[in-house]
1. Under the rule of -39500 (n - 2.57) per DSSP H run of 4 or more residues, summed and divided by the residues of the chain, what mean residue ellipticity at 222 nm is obtained, to the nearest 500 deg cm²/dmol?
2. Are there any helices in the chain, counted as whole DSSP H runs, that stretch 15 Å or more along their axis by Cα and score at least 0.5 on average by Kyte-Doolittle, and if so which?
3. Residues in region 157-189 near a label at GLU263, defined as backbone nitrogen under 19 Å from the 7 Å Cα→Cβ point?
4. Could you tell me the calculated FRET efficiency between ASP364 and GLU45, based on Cβ-Cβ distance and R0 = 56 angstrom, to the nearest 0.05?
5. With unit charges on the beta carbons (Lys and Arg positive, Asp and Glu negative) and the dipole taken about the Cα centre of the chain, which residue among ALA337, LEU221, ALA232 sits farthest to the positive side?
6. Express in nm, to one decimal, how much length is gained between LYS208 and ARG135 on full extension, taking 0.36 nm for each residue of separation and deducting their alpha carbon distance.
7. Residue separation times 0.36 nm, minus the C-alpha to C-alpha distance between ASP190 and ALA89: what's the value?
8. Could you line up SER17, SER69 from fewest to most neighbouring Cβ atoms inside 10 Å?
Amino acid sequence: MRQLYLDYNATTPIAPSVQEAMLPLLAEHFGNPSSNHVLGRAAAEAVEDARGQLAILLGCDPDEIVFTSGGTESNNLALKGVLLREAPAAGGHLIISAFEHPSVAAPAQFLERLGYDVTIVGVTGQGLVQPAAIRAAIRPDTRLVSIMHANNEVGTIQPLRQIAAICHEHQIPLHTDASQSVGKVRTLVDELEVDLLSVAGHKMYAPKGVGALYIRRGVELEPTQHGAGHEAGLRAGTENVASIAGLGRAATLAAKSLDQAHERMAALRDRLWQQLAAEIGNPLVLHGALVQRLPNTLSVAFPGVSGQELLARIPELCASTGSACHSTGRSISPTLAAMGVSDEAARGTVRLSVGWQTTEEDIDRAASLLLGAWEGLRTQ
């Protein structure tokens, strides 16, 4: 049975040229980048080359990038790094949205347990954070606002520039979790006007276990991992050189093909939606239909069925009912709950995400399988 992969928002395969960039650093150039000999220098050069490659994609200076183990560590470093510079007694207030990824929501809860204050702003039914809600939530002791760039389940892209303008009026830094958007849409930090931005390698055809945090020059963080002072003293630990090199190569690939890939994936996404909607009609709900979304992401609610049961009938289709990082025990995703989606629609929701390798044949096959499974569940 040939597998049909439409779960690129959960993870992407490693691109062939990314693997090529990594292999020499696993075999020949295996030195510690902190070592002052030829193998160590080769490893250090690979890390700095990758830093420069990622900087080009983000439109920043290389020394504004800190490599991490992935999006989760980057988000933790951003939130804790800003808040922990002052004790809770000195005043520390954090603002996040109601549908942030767990790697933002959980650190916020941790900080709250330490005594910091956290405000969670709601989102619209279309899945947008309203800038006015951020303005209303800001207090004199607000230290950081963290709003994701693009939602990982429904793909809605947030109005970061408007939010940034409000934050900067009050001299508050803005962090964004861009794990789902980097490599799919433009993420130039000066266009977004963000001060901190998180990257996850495995969402952009690099390996798992590597990521980065962009830190605008002048923003000060407290390290959350201590040791020998790697990564400008902000992330101790010997660098994951091969994976960092892979992330750098992936950034170069994304920068070269961004516009073309955007157009192609949007066409595939819309082709799938049109085929499903043509057969099911108005009862089929497209989450975030009225706002800008990631070009590869389609979150739809199949009427009268469970999304989990629907996918269970199609073992050859790799897709999901929501984020891979949310608890599987929850029947309704926190994202859909925050958007005010009804229990029935949330229960029937399936997230389908296309990628570089997806073809029109894949889309047509997926539509046929999904419609067949839906009809089967409706008639049993």
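Computed from the coordinates by the stated procedures, all read-outs in this text should not be read as laboratory data. This one's a predicted model, so the numbers in the text were calculated from it and none came from an experiment. Positions of Cβ are backbone-derived with ideal geometry, glycine not excepted, and every protein chain shown enters the neighbour counts.
1. -13000 deg cm²/dmol
2. 16-27, 38-58
3. Inside the label zone: 183-187.
4. Computed FRET efficiency for ASP364 and GLU45: 0.75.
5. ALA337
6. Once the chain is fully extended between LYS208 and ARG135, it gains 22.7 nm.
7. Length gained, ASP190 through ALA89: 33.0 nm.
8. So the residues, fewest neighbours to most, are SER17, SER69.
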